[in-house]
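The values are calculated or read from the model by the stated rules, or taken from the named source; none is laboratory data. A quick note: this is a predicted structure, and the numbers were derived from the prediction, not measured. Cβ placement follows ideal geometry from the backbone for every residue including glycine, while neighbour counts extend to all protein chains displayed. Note: accessible area is taken over every heavy atom of the protein model, side chains too, but ligands, DNA and RNA are not part of it. Shrake-Rupley method; radii C 1.70, N 1.55, O 1.52, S 1.80 Å.
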Amino acid sequence: MKPAPFQYAAPESVDEAVALLHDYGPEAKLLAGGQSLVPLLNMRLARPSVIIDLNRIRELDYIREDEGEIAIGAMTRQRTAERSPVISRHLPLMAEALPMVGHMQIRTRGTIGGSIAHADPAAELPAVLAALEGTVVIQGARRTRRVTAQEFFRSYLTTALEPDDLLVEVRVPAQDGDGTAFLEVARRHGDYALVGVAVAVRMNQDRCTRARLAFTGVGPIPVRVPEAEAALADRELTDSVLNDIATIVRSRITPESDIHASAEYRQEVSGILAQRALRTAGSRARRQTGRQDRIG
Amino acid sequence: MKRRGRMVNRSAIGRKATAHRGNPGYPSLAAPALVTTKEITVRVNGVAHTAAVDVRMTLVDFLREHLRLTGTHVGCEHGVCGACTIQLGDLPVRSCLLFAVQADEAEITTVEALGTPDRLHPLQDAFRAHHGLQCGFCTPGFLMTAVAVLRENPRPTVQEIREALAGNLCRCTGYQGIVEAVLDAAERLMADRRK
């Protein structure tokens, strides 16, 4: 056998899963897509004594529009989201990031909620959630709570989830007015990002009225750069402005060096990706506004 | 330290004590029992198999050791190499990252269903013709991925093929022959459909 011994249950509803977590929370791990957890189990880097398999809970597989937000059930497969017309229309940033999440086989099983709950520091979906200022809905034994992306990601692979919590839904404001772009540098297609950036900008004619940038791969959690975002307010996205933004980003990002890339490399690439993503997002926003003007 | 985004729950002790009096905050359903073995029924290549398995037996080990379907190979066991790729329903998945118990009541397709030595699937024949394999260890995984790719995208470009196969690693061929085989197979399958 590959994993260390564990006991197993496959609840068929959220209530059953929450009851199991209430009884076994601290010793248990939740099994969603398994694309991150099972490698850890197979290599015995993780040895939970209980595995709670969420894959029979059908009620957590959905994508809905709900009052200006897109609500995604935590067990929605990444592949489903990748092909969803709702996501491509209202969350193009997520649609652009999803093909970079692992490989096709991984996305067949991997889930939206699982990727966010796992909170790998080089994963794509946490950065998307941070840039779009989404929230997660967490169900515990006693109550349900909503946590913003900013409060949710705490450190490497560490989130606001308590041992008896179940992440049930991811909610993201529909990006109907913004231009967005997701760019990533990795050694091979499908690898975790060495550096990735998720960008959303709102434009008024040629001026940027609001910008949000969230980086992945450069820190323990998705990194926003408020100084860069402030410097973009009411500015045109000229080459000169974007050069300044790259300089701000490079000075604010403090990545670690590791076997995949040095800190200096990640800093340099962060600045460049920010420029490129802002340029792309800005022109997409202007095209959208142009379309809306013609229709309206 | 007060956590933002979460109310401090001061009445935790009180709530636990009232749990059995139907407190709506406490789940009333019994939690399912924990098990270490389970009897499963899996349809593999159209044939149903029933077996009692340890819950931590991976699906690839079940296919190889219980069912003696050794066409599916074990490479890295942590989801990187793709040698273990099978189809769950009609979608490609890594069988080293699934437990056999998760395949209970599921339909699985392995490379054994693709063709026989006397009647190769067009994709297998294309691999043979274009030197898409040398040692053959990665090949079943490539075939199971490629079949699914061509089902969804019958006319892929070279770039689309390379991206779609990025989750399968080959140490022998350098991939060029594999890409050519898939391109060729796409044409053959289109031609078959037109017949």
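Quick notes
Conditions tested, residue by residue: (1) open to solvent by less than 20 Å² (accessible area, probe 1.4 Å); (2) in contact with a Lys or Arg (Cβ under 9 Å, 6 or more places away or on another chain); (3) facing chain A (nearest Cβ under 9 Å).
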{"residue": "B:86", "(1), (2), (3)": "yes, yes, no"}
{"residue": "B:96", "(1), (2), (3)": "yes, yes, yes"}
{"residue": "B:105", "(1), (2), (3)": "no, yes, no"}
{"residue": "B:109", "(1), (2), (3)": "no, no, no"}
{"residue": "B:118", "(1), (2), (3)": "no, no, no"}
{"residue": "B:124", "(1), (2), (3)": "no, no, no"}
{"residue": "B:128", "(1), (2), (3)": "no, no, no"}
{"residue": "B:135", "(1), (2), (3)": "no, yes, no"}
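Table: residues versus (1) assigned to a strand (DSSP E or B); (2) of a type in the set (Phe, Trp, Tyr).
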| position | (1), (2) |
| --- | --- |
| A:8 | yes, yes |
| A:40 | no, no |
| A:45 | no, no |
| A:55 | no, no |
| A:71 | yes, no |
| A:99 | no, no |
| A:106 | no, no |
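- Residue in segment A:11-25 that is under 24 Å from the mean Cα position of the chain (by Cα), open to solvent by 40 Å² or more (accessible area, probe 1.4 Å) and more than 7 Å from every other protein chain (Cβ to nearest Cβ) present: no
- Within segment A:170-183, residues that are farther than 14 Å from residue A:287 by Cα sit with their Cβ atoms under 6 Å from residues that are open to solvent by 10 Å² or more (accessible area, probe 1.4 Å) and part of a strand (DSSP E or B), at 6+ positions apart or across chains, in these pairs: A:171/A:69; A:171/A:135; A:173/A:69.
- Those residues of segment A:129-149 which are touching a residue at least 40 places away in the same chain (Cβ under 8 Å) and either more than 16 Å from residue A:74 (Cβ to Cβ) or within 7 Å of chain B (Cβ to nearest Cβ) (or both), in sequence order: A:130, A:131, A:132, A:133, A:141
- For segment A:161-217, filtering for residues that are within 14 Å of chain B (Cβ to nearest Cβ) and aromatic (Phe, Trp, Tyr) leaves 1.
- Residues that are closer than 22 Å to residue A:133 by Cβ and either open to solvent by less than 10 Å² (accessible area, probe 1.4 Å) or within 12 Å of chain B (Cβ to nearest Cβ) (or both), drawn from segment A:31-77: A:70, A:71, A:72, A:73, A:74, A:76
- Of the listed requirements (1) within 8 Å of chain B (Cβ to nearest Cβ); (2) open to solvent by less than 20 Å² (accessible area, probe 1.4 Å), residue A:2 misses just one: (2).
- Restricting segment A:195-218 to residues that are at pLDDT 95 or above and in a loop (DSSP other than H, G, I, E, B) leaves a set whose member that is nearest to the chain's Cα centre (by Cα) is A:217.
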